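So the structure is just underneath, and the comments pick up after that.
The values are calculated or read from the model by the stated rules, or taken from the named source; none is laboratory data. Just so it is clear, the model here is predicted, and its values are computed rather than measured. Here the Cβ is made from the backbone with ideal geometry for all residues, glycine too, and neighbour counts use every protein chain on show. Areas reflect the complete protein model, heavy atoms only, side chains present, ligands, DNA and RNA absent. Shrake-Rupley method; radii C 1.70, N 1.55, O 1.52, S 1.80 Å.
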Amino acid sequence: MEESAAETVGTATEPVTGTVPVAEEEEEEDDNDDDDLAGRFLQLEREQSALLQALPPFGEPVSHVYHPLDYAWEPHCDFVRRYCRTPKRVLFLGMNPGPFGMAQTGVPFGEVWHVREWLRVVGGVKKPPSEHPKRPVLGLTCRRAEVSGARFWGLVRALCPDPHLFFRHCFVHNHCPLLFLASSGRNLPPTELPPAQRDLLMGLCDRALTRTVGLLGVGLVVGVGRYAERRARRALAAAGLTVRVEGLPHPSPRNPRANRGWEELAKARLGELGVLELLEEKGGTAAGR
């Protein structure tokens, strides 16, 4: 999970402009064109979404399930088509959406200011079919920020002022695209789901992850947090894929290590993994090859 409600701050990282940018013509493409890599990636996600929607209803303690790849499909498509046009050597993997991150924007770790103002992602966001009154979906005009997303994309922005430098070799994805809420509005990590339903869900997400890794030609999966790292290691090994899997400390303020200078900690870890040199202007050949 990107983070819980307790891990949000009151307002977005930067002042909200009050408007959502209009899509640029050069970015407008038919998301049904599956001849390009972005289109094939989106098709894979559509197939996963159909399987997830066919799952039986989740019982207690789940009260609401948000599926951003349904109601926030437009900005998600814009994100993919802007930044997933070529194979990726490194895949940063989160667990599942947070209520003020991907649940608002359709972008993994999608803290609103970074998604709208830095990544320049655009698109309309609808309402989920069943919305929890304490967790409204406001899309790209949401004024609440999410610490995990602000820290993650803040680090990426510090390393690569132009986002295209980061996405030359890297992409960001979640293992599970669903957000689960308890009746109180509290985030429910997949580990708290009823075991039978959790196993079905994780099986579908594991298979989708292996297809994603194969499609993008990923050589290194960086799990953001222990859960994502463990899940990726298990799924890829079960599929017989010899892909390197490593971990990065989660930026959530619930992680004590993250509150003692997460950016420097993460930067040092990316250096150990050989990722930093890929983010340089003349990116090298490290990280999983």
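Annotations
- Every residue from the range 226-251 that is at pLDDT below 95 and open to solvent by less than 10 Å² (accessible area, probe 1.4 Å): Pro251
- Among the residues of the range 179-190, those that are surrounded by fewer than 23 Cβ atoms within 10 Å (Cβ to Cβ) and either of a type in the set (Gly, Ala, Ser) or within 22 Å of Leu42 (Cβ to Cβ) (or both) comprise Ala182, Ser183, Ser184, Gly185.
- Strands (runs of 3 or more DSSP E) completely within the range 173-252 that count 3 or more residues being in contact with a Ser or Thr (Cβ under 6 Å, 6 or more places away or on another chain): none
- Identification of helices (runs of 4 or more DSSP H) wholly contained in the range 65-140 with 1 or more residues that are open to solvent by 10 Å² or more (accessible area, probe 1.4 Å) yields 68-71, 73-83.
- Odd one out for Ala158 among (1) modelled with pLDDT under 95; (2) open to solvent by 50 Å² or more (accessible area, probe 1.4 Å); (3) hydrophobic (A, V, I, L, M, F, W, C): (1)
- Of everything in the range 255-289 that is surrounded by fewer than 16 Cβ atoms within 10 Å (Cβ to Cβ) and modelled with pLDDT under 80, the residue that is nearest to Ala208 (Cα to Cα) is Arg289.
- Residues of the range 191-218 satisfying the condition of being under 15 Å from Arg233 (Cα atoms), touching a residue at least 40 places away in the same chain (Cβ under 8 Å) and open to solvent by less than 20 Å² (accessible area, probe 1.4 Å): Cys205, Ala208, Leu209, Thr212, Val213, Val218
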